[in-house]
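Report on the following structure.
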Amino acid sequence: MDPRQPSEANARAAAMPPELMQDPLLELEAVTAAYGRIQVLNGVDLAVPAGTVLALLGPNGGGKSTTLKVASCQMEPTSGRVKIAGRTVNGATSEQLAELGVCTIPEGRGIFANLTVRENLELATYTGKSLSAIEDRTYSFFPRLAERRHQLAGTMSGGEQQMLSMSRALSSDPVLLMLDELSMGLAPLVVEELYAVVSQVAGEGVSILVVEQFARTVLGVADWAAIMLGGRITRVGPPGELEQELTAAYLGDR
């Protein structure tokens, strides 16, 4: 290697805004991942600093959800490292991540449909919190769930189920929250309500990585945005600086 040329690692670091490289809570370094012989991630570098919201944006098939699966250790990368607070966590179990304060809300509804709202929340008391404390926090975020507390979760609307899923996640007091397509299939007003809570949670100091296909639903609460195309991060920066790139990637403004 020509000593005058920057190393690959230095080149990757130079592509990231310096603010993101200062003590990141979540960091992906040169991550590749594949489904069988199909390569999906091609050297992903991404960092989420403590106390910030980073939106990972891009069209379907770009690798966003796979990136979140790798970041949350639901999928093992073929190469590269995933680090939480500077600690490599490749291969960590969900229990080990929970001990580190990491919580993931996957695409879909992570609830028990045959239990009531209250019973779903009661299952979250394993964290050591009392049911009353969990309910108080839940109903302060989502007053509508207080009205549904004795209703079977599976009979509620999709938006109300997503509220319950988020409430169960927040009951663990995470330091890092990862959200996958929070707005999927929901009415705009419900999405607005959900992201208002995301903003509140971020204000409490929780770091948040949120994957979305449609930019407008999340950019209002994001501190940073990263555009993903073809399994690579193509641009990272403040949301207001990425308007042209977002339009070019067909994010919500086709």
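Coordinate-derived values only; no laboratory data. These numbers were taken from a predicted model, which means no experiment stands behind them. Backbone-built Cβ (ideal geometry, glycine too); neighbour counts: all protein chains shown.
Just a few scattered comments:
- For segment 133-147, backbone phi angles converted through the Karplus equation (6.51, -1.76, 1.60; θ = phi - 60°) give residue-by-residue couplings of 5, 5, 5, 4, 5, 4, 6, 6, 7, 10, x, 4, 5, 4, 6 Hz, Gly and Pro being listed as x.
- Residues whose placed amide H lies under 5 Å from that of VAL53, excluding near-sequence neighbours: ILE208, ASP223, TRP224
- Spread of Cα-to-Cα distances over 10 Å intervals beginning at zero, given as percent, for the chain: 7, 30, 35, 20, 6, 1, 0
- Charge context of ARG87, other residues only, Cβ under 15 angstrom, K/R +1, D/E -1: -2
- Computing Rg and the Kirkwood Rh from the Cα coordinates of segment 99-174 gives a ratio, Rg/Rh, of 0.93.
- Computed over the chain: relative contact order in percent, which uses C-alpha pairs under 8 Å that are six or more apart: 27 percent
- Cut-off 11 Å between beta-carbons: net charge of the residues surrounding ALA55, Lys and Arg +1, Asp and Glu -1: 0
- Counting only residues at least eight positions apart within a chain, or on another chain, the aspartates and glutamates with an alpha carbon under 15 Å from that of LYS83 are ASP23, GLU27, GLU29, ASP45, GLU99.
- Summarising the amide proton neighbourhood of THR104: residues at separation of 5 or more, or on other chains, whose placed amide H is nearer than 5 Å comprise MET178.
- Net charge in the neighbourhood of SER171 (other residues with Cβ under 14 Å of its Cβ; Lys, Arg +1, Asp, Glu -1) is -2.
- Over segment 106-168, relative contact order from alpha-carbon pairs under 8 Å, at least 6 apart, %: 49 percent
- Given charges at Cβ of Lys, Arg, Asp, Glu: the chain dipole, positive-most of LEU54, ALA153, PRO188: ALA153
- Evaluating 6.51 cos²θ - 1.76 cosθ + 1.60 at θ = phi - 60° for every residue in segment 219-226, the Karplus couplings come out as 5, x, 10, 7, 7, 9, 10, 10 Hz, glycine and proline recorded as x.
- Cα centroid separation, segment 145-175 to segment 21-69 (Å): 27 Å
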